[in-house]
Amino acid sequence: MTEARAADLVVRSPASPLARPPAHPRFLRSAALRFAAIYALLFGLSALALALFLWWETAGLLDRETDQAISADVQSLAERWQEGGLPALIVTIQNRLAENVDDNAIYLLVDPALERIAGNLAFWPTSLPLNRTWAELPIERAGIRSLARVRRYNLPGGLHLLVGRDVQVRAELRDLLTGALFWALLVVLVLGLAGAIVIRGLFRRALANVSTTAAAISAGDLSQRVRITGRGDEFDRLSETINEMLERISRLMDGVRQVSNAIAHDLRTPITRARTRLEDAALHAQSEADLHAAIERAIADLDGVVAVFQALLRIAEIEAGARRSAFASFDAAPLLSDLVDLYGAVAEEKGISLRLQSPERLALFGDRELIQQAIANLLDNALKFSPPGGVVRLAAESASGMTAITVADRGPGIPPAVRVRATERFFRGEAARHTPGAGLGLALVQAVAQLHAGSLTLADNAPGLRAVLRLPGTAELAARPAATAMDA
Amino acid sequence: MRILVVEDDKDVAGFVVKGLRESGHVVEHADNGRDGLFLAASEPFDAIILDRMLPGGIDGLRILETLRSQRNTVPVLFLSALGQVDDRVLGLKAGGDDYLTKPFAFAELLARVEALTRRGKGEGPVTKLTVGDLEMDLLSRSVRRAGQKIDLQPREFLLLEYLMRHAGQVVTRTMLLEGVWDYHFDPQTNVIDVHVSRLRQKVDKPFSSALIHTVRNAGYMLRTDGQ
Ligand SMILES: Nc1ncnc2c1ncn2[C@@H]1O[C@H](COP(=O)(O)OP(=O)(O)O)[C@@H](O)[C@H]1O
Ligand SMILES: [Mg+2]
């Protein structure tokens, strides 16, 4: 059976959750790199969009304006031809050329044999294909080579009209612009990559802080804490949360250590006693009655050990917070009078007067059974440590949602020096040397207080002890995180 | 009485079975959930002592749930090493009648099982309890012994009522604490002893014979001397 299981484990281990699925190529597994790449990509894309927009708004606009001007020219020349025929057209062309201050207009009117009739071009450009209306061609005007944007218009009777603009300067400007934008894009690309590298570094640094701490802690050094930069940013808040968590873990670890030490110490005594009794009886019992008596005493000792274990388990259960699901609202007034009823008989027997001061109704929110047990523990102490003839007072009052339950006696009290330790598991004071108990009563009260986001205060009653258990009266107050209550 | 013990631990089971037989009961034993469920469902018992954790897939809670779904109302006492409070609540919610945490004293187990079987007989509404010359009227909430009226505090009345309802049976301190005060924890001090002795002052002291007896290492029993 065991072997079969072991074999199972061996077979299964390669698919264990520790082996990560190879979902991405290795280099993409760095979150820092991924963020940097996304940054660079976004940066590059927006730069490209900007460049395209600039180009459209400058070079593109100039092109469109030229084409519009040419089209308008062609339109009006065509109208002239319709009105006045060929002579009117020739005059208009000559007028236009004369009026053209910028000297950038190009006109050419040719007959069906492509011979020039009017215009400022010497001959019909051979490079102009017959089937195209618009073209950008190299021309030669007054001996200077240049570039022109032209539109061809066919007139009836085989005549051809060419209208255009010299765009040499504009083309140079456009080339300049294109070049500038290209270089700018290149610079942007380099900047983007540099930014990505910087971002990756920042990201890694912010995480390194957390991850080195975590690594140190998994290696066993629980004292390590994440460094807070003091900038108060998201990373600082994350670090604070992690530190709080570590704080709580180490408190719990301390508790565990303290408890295991205490168990080793405090349970050894009764177990040793039981063992000794049994061995002694086995070796030396003179009669059956002796044997019975020894066994019975050993059983009583072991019952004591069991009771201690049960109390420890209960405290641990309360501290784990699992019982918070059983919280409910209830009236604690009958609970208090029942307790006084239960312990009143004990008090009376010891000659102690047990007095109750409680309002008619006492709202509490929490685990009724645990609260009952906590108050019972306080009463038990007060009665146990009070001298005969004393007074023990159980009082309750509510203020701003919290209910304070006070148990005050006039016994020896707890010296201030050890008062903070009184709630530790297994702590027993000098006064307790000759009284029964295991030193777990106040530890339970403290655990119950913390579970309810309340508090337990031990104060001097001059003389005696005044224990005040503060508990929430409403669900909202009980919902406060336990950590706050712990620091309080 | 016929009692079924479903418990897988050999030592505990042997100890319980022997003790119950010595006390005059007829005992069947199953050491796993399957057999336990089979026995419980096929034979009539006056009570079942059921371990919470059992080997073989069927645990105590499952057995109980199955029985209850078959309208089997046999009284069930849970035995459990899980001493947590929620666990007790869970067991009682599932239809368990009582709950005892391991380790336990046999006297405690015996007392509780016997109390259960009494409860299981279904006595219907009772208005009057009588033990020897002690009479309790549950309607007028008055108590008389040998015709003489006894004045009791409300809680003393409840305590005596509990003892009278279990007359002739051992009643342990924890049973009283749970049954009369509804407390489910160890009160550390012997509070119950004090209350019983106060009750004795009123019920026994003025009369020639005692009705409330202390049972050594176990608890108390209310009975007439002749019993
Ligand atoms: N009312 C009190 N008066 C004097 N000392 C007290 C009182 N309550 C608690 N103490 C001290 O605190 C210690 C711890 O109390 P507790 O945890 O209840 O353990 P225990 O009652 O088993 O001794 C006691 O041993 C005692 O020294
Ligand atoms: Mg105590």
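The values are calculated or read from the model by the stated rules, or taken from the named source; none is laboratory data. Because the structure is predicted, anything quoted here is derived from the model rather than measured. All Cβ positions, even for glycine, are placed from backbone atoms using ideal geometry, and neighbour counts span all protein chains on display. Quick note on the areas: whole protein, heavy atoms, side chains included, nothing else; ligands and nucleic acids left out. Shrake-Rupley method; radii C 1.70, N 1.55, O 1.52, S 1.80 Å.
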For the subset of the stretch B:1-12 comprising residues that are at pLDDT below 95 and of a type in the set (A, V, I, L, M), which member is most open to solvent (accessible area, probe 1.4 Å)?
B:MET1
Subset of the stretch A:384-408 that is within 12 Å of ligand 1 (Cβ to nearest atom) and open to solvent by less than 10 Å² (accessible area, probe 1.4 Å) - its residue that is farthest from the other protein chains (Cβ to nearest Cβ):
A:ALA408
Of all residues in the stretch A:432-479, which are in contact with a helix residue (DSSP H, G or I) (Cβ under 6 Å, 6 or more places away or on another chain) and among the small types (Gly, Ala, Ser)?
A:ALA438, A:GLY441, A:ALA443, A:ALA447, A:ALA453, A:SER455, A:ALA467
Can you spot a residue in the stretch A:291-314 that is among the acidic types (Asp, Glu), open to solvent by 80 Å² or more (accessible area, probe 1.4 Å), within 24 Å of B:LYS102 (Cβ to Cβ) and in a helix (DSSP H, G or I)?
yes
Select from the stretch B:15-34 the residues that are open to solvent by 40 Å² or more (accessible area, probe 1.4 Å) and farther than 15 Å from B:MET53 by Cα and list them in ascending order.
B:PHE15, B:LYS18, B:ARG21, B:GLU22, B:SER23, B:GLY24, B:VAL26, B:GLU28, B:HIS29
If you scan the stretch A:422-463, which residues turn out to be within 9 Å of ligand 1 (Cβ to nearest atom), within 14 Å of chain B (Cβ to nearest Cβ) and in a helix (DSSP H, G or I)?
A:ALA432, A:GLY441, A:LEU442, A:ALA443, A:LEU444, A:VAL445
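Take A:SER71 and tell me if it is out of contact with any strand residue (DSSP E or B) (no Cβ under 6 Å at 6 or more places or on another chain), loosely packed, with under 15 Cβ neighbours inside 10 Å and touching a residue at least 60 places away in the same chain (Cβ under 8 Å).
Values: out of contact with any strand residue (DSSP E or B) (no Cβ under 6 Å at 6 or more places or on another chain): yes; loosely packed, with under 15 Cβ neighbours inside 10 Å: yes; touching a residue at least 60 places away in the same chain (Cβ under 8 Å): yes.
Yes, satisfied.
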Report whether or not A:LEU52 is open to solvent by 80 Å² or more (accessible area, probe 1.4 Å), outside the structural domain of A:THR133 (by TED's automatic domain parsing) and not hydroxyl-bearing (Ser, Thr, Tyr).
yes
Checking A:LEU312 against (1) hydrophobic (A, V, I, L, M, F, W, C); (2) farther than 30 Å from A:ASP221 by Cβ; (3) not assigned by TED's automatic domain parsing to the domain that holds A:VAL448: exactly one of these is not met. Which one?
(2)
Among the candidates A:ARG470, A:ARG480, A:ARG419, which residue alone is more than 9 Å from ligand 1 (Cβ to nearest atom), at pLDDT 85 or above, out of contact with any Lys or Arg (no Cβ under 9 Å at 6 or more places or on another chain) and charged (D, E, K, R)?
A:ARG470
Would you mind stating whether A:PRO412 is in contact with a Lys or Arg (Cβ under 6 Å, 6 or more places away or on another chain), within 16 Å of ligand 1 (Cβ to nearest atom), more than 14 Å from chain B (Cβ to nearest Cβ) and part of a loop (DSSP other than H, G, I, E, B)?
no
Can you tell me which condition A:ALA404 does not meet? The list is (1) part of a loop (DSSP other than H, G, I, E, B); (2) closer than 30 Å to A:GLY255 by Cβ; (3) more than 15 Å from ligand 2 (Cβ to nearest atom), and all the others hold.
(1)
Kindly list the number of the only condition in (1) under 23 Å from A:ALA311 (Cα atoms); (2) away from chain A (no Cβ under 14 Å) that fails for B:ALA94.
(1)
Is it the case that the stretch A:206-218 has a residue that's touching a residue at least 60 places away in the same chain (Cβ under 8 Å) and surrounded by 13 or more Cβ atoms within 10 Å (Cβ to Cβ)?
yes
If you scan the stretch A:325-370, which residues turn out to be touching a Phe, Trp or Tyr at 6+ places or on another chain (Cβ under 9 Å), open to solvent by 40 Å² or more (accessible area, probe 1.4 Å) and in contact (Cβ under 8 Å) with a residue 40 or more places away in the chain?
A:ALA328, A:SER329, A:ALA363, A:ARG368
Just one of the numbered conditions (1) surrounded by fewer than 19 Cβ atoms within 10 Å (Cβ to Cβ); (2) in contact (Cβ under 8 Å) with a residue 24 or more places away in the chain; (3) farther than 23 Å from B:ASN190 by Cβ; (4) under 44 Å from the mean Cα position of the chain (by Cα) is not true of A:ALA449; which one?
(1)
Which residues, taken from the stretch A:209-221, are among the small types (Gly, Ala, Ser) and either at pLDDT below 85 or not in a helix (DSSP H, G or I) (or both)?
A:ALA219, A:GLY220
